[in-house]
Amino acid sequence: MIKKILVFVLVIFFIGCIQKPITLDEIEIRDYEGQKLSSVEDFRENSIKGPQYIDKENYNLEISGLVENPRMYSYDEVIKDNRHYQQVVTLDCVEGWSVTIFWEGVLVKDVIEQADPLQNATTVIFYAYDGYTTSFPLEYIMDNEIIMAYEMNNVTLPPERGFPFQLVAQSKWGYKWIKWITKIELSDNPDYEGYWEKRGYSKTGNLNESFFDR
Ligand SMILES: Nc1nc2c(c(=O)[nH]1)N[C@H]1C(S)=C(S)[C@@H](COP(=O)(O)O)O[C@H]1N2
Ligand SMILES: [Mo]
């Protein structure tokens, strides 16, 4: 009997020891399923106020506006409470450079749905730590698999690349790929204009269209 209990306790103990591996050194991957990737270093830093350094411990992501239950999430909550998605997507800047990266993130729609959007919400406005903003029709977020990335090429987003989250706005120009996201607001104003949109860039930001609309 004693022996059985001892074996039982030992088994439980060993199960407890089998945990997720701990990544010691984050090593960037440079190809994915045969496709060559760009490097985290290949970006040109041209953000409106330069790199932003966000402290993970004091960070909150706010979901507000036309929602039934406005929410605040910590960095860990965003990552732990949502399913993870990976995809290779190319970011094309209007300045003529591009980078192809293996992204990992959470679906924006999963994050928004927990706040229960109201019927009259038509628009999703993203805000960033540096004052940058951009917006999308709600359908773009809901009908596509749009992620907010926390890793690129298997490494945590560096501060320069938008830590904690950058929007992977597939099929949109780079200026729609907002970094350092702090707030997601649901709105009924389809005419909202973000930072570059106010300065004449197209509101849709579709890659297959010209980005300058006036
Ligand atoms: N918060 C914030 N996000 C931003 C920008 C910015 O200035 N501030 N620049 C945008 C532009 S114009 C591009 S091309 C991409 C480039 O990403 P990178 O700065 O990581 O290269 O970020 C976008 N996201
Ligand atoms: Mo850009």
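The values are calculated or read from the model by the stated rules, or taken from the named source; none is laboratory data. Keep in mind that this is a model prediction, so the values were computed, not measured. Every residue, glycine among them, receives a Cβ derived from its backbone with ideal geometry; neighbour counts consider all protein chains shown.
For segment 96-114, residues that are in contact with a helix residue (DSSP H, G or I) (Cβ under 7 Å, 6 or more places away or on another chain), more than 16 Å from ligand 2 (Cβ to nearest atom) and within 28 Å of D42 (Cα to Cα) total 2. One residue stands out among those in segment 69-84 that are within 18 Å of F163 (Cβ to Cβ) and surrounded by fewer than 19 Cβ atoms within 10 Å (Cβ to Cβ): the one that is farthest from ligand 1 (Cβ to nearest atom), which is K80.
Among the residues of segment 173-192, the ones that are assigned to a loop (DSSP other than H, G, I, E, B) and away from ligand 1 (no atom under 15 Å from the Cβ) come to 5 in all.
If you check G194, G162, G174, G105 for being under 30 Å from E57 (Cβ atoms), surrounded by 15 or more Cβ atoms within 10 Å (Cβ to Cβ) and either modelled with pLDDT under 95 or in contact with a Cys (Cβ under 7 Å, 6 or more places away or on another chain) (or both), only one passes: G174. Among the residues making up segment 79-95, those that are within 19 Å of N144 (Cα to Cα) and either charged (D, E, K, R) or in contact with a helix residue (DSSP H, G or I) (Cβ under 8 Å, 6 or more places away or on another chain) (or both) are N82, R83, L91, D92. Pull out all pairs, ordered by first then second residue, where Cβ-Cβ is under 6 Å, the residues are six or more apart or on different chains, the first lies in segment 160-189 and is within 19 Å of V89 (Cα to Cα) and of a type in the set (K, R), and the second is within 13 Å of ligand 2 (Cβ to nearest atom) and part of a strand (DSSP E or B). Going by the 6 Å Cβ cut-off, the qualifying pairs are K176/T134; K179/Q166. Any chance segment 26-40 includes a residue that's at pLDDT 65 or above, closer than 23 Å to K176 by Cβ, within 16 Å of ligand 1 (Cβ to nearest atom) and not in a loop (DSSP other than H, G, I, E, B)? Scanning segment 26-40, I find at least one residue that is at pLDDT 65 or above, closer than 23 Å to K176 by Cβ, within 16 Å of ligand 1 (Cβ to nearest atom) and not in a loop (DSSP other than H, G, I, E, B), so the answer is yes. For segment 122-157, a residue qualifies if it is within 16 Å of ligand 2 (Cβ to nearest atom), crowded, with 20+ Cβ neighbours inside 10 Å and among the hydroxyl-bearing types (S, T, Y), and the qualifying residues are Y132, T134. In segment 158-172, the condition of being within 16 Å of ligand 2 (Cβ to nearest atom), more than 24 Å from E41 (Cα to Cα), outside any loop (DSSP other than H, G, I, E, B) and β-branched (V, I, T) is met by no residue. If the condition is being modelled with pLDDT under 95 and surrounded by 16 or more Cβ atoms within 10 Å (Cβ to Cβ), then segment 197-214 contributes only F211. Could you please tell me which pairs satisfy a Cβ distance under 7 Å, a separation of 6+ or placement on different chains, a first residue in segment 80-95 that is under 15 Å from N153 (Cβ atoms), and a second residue that is within 13 Å of ligand 2 (Cβ to nearest atom) and part of a strand (DSSP E or B)? Taking only residues 6 or more apart or on different chains, the pairs are T90/S98; T90/V99; L91/S98; L91/V99.
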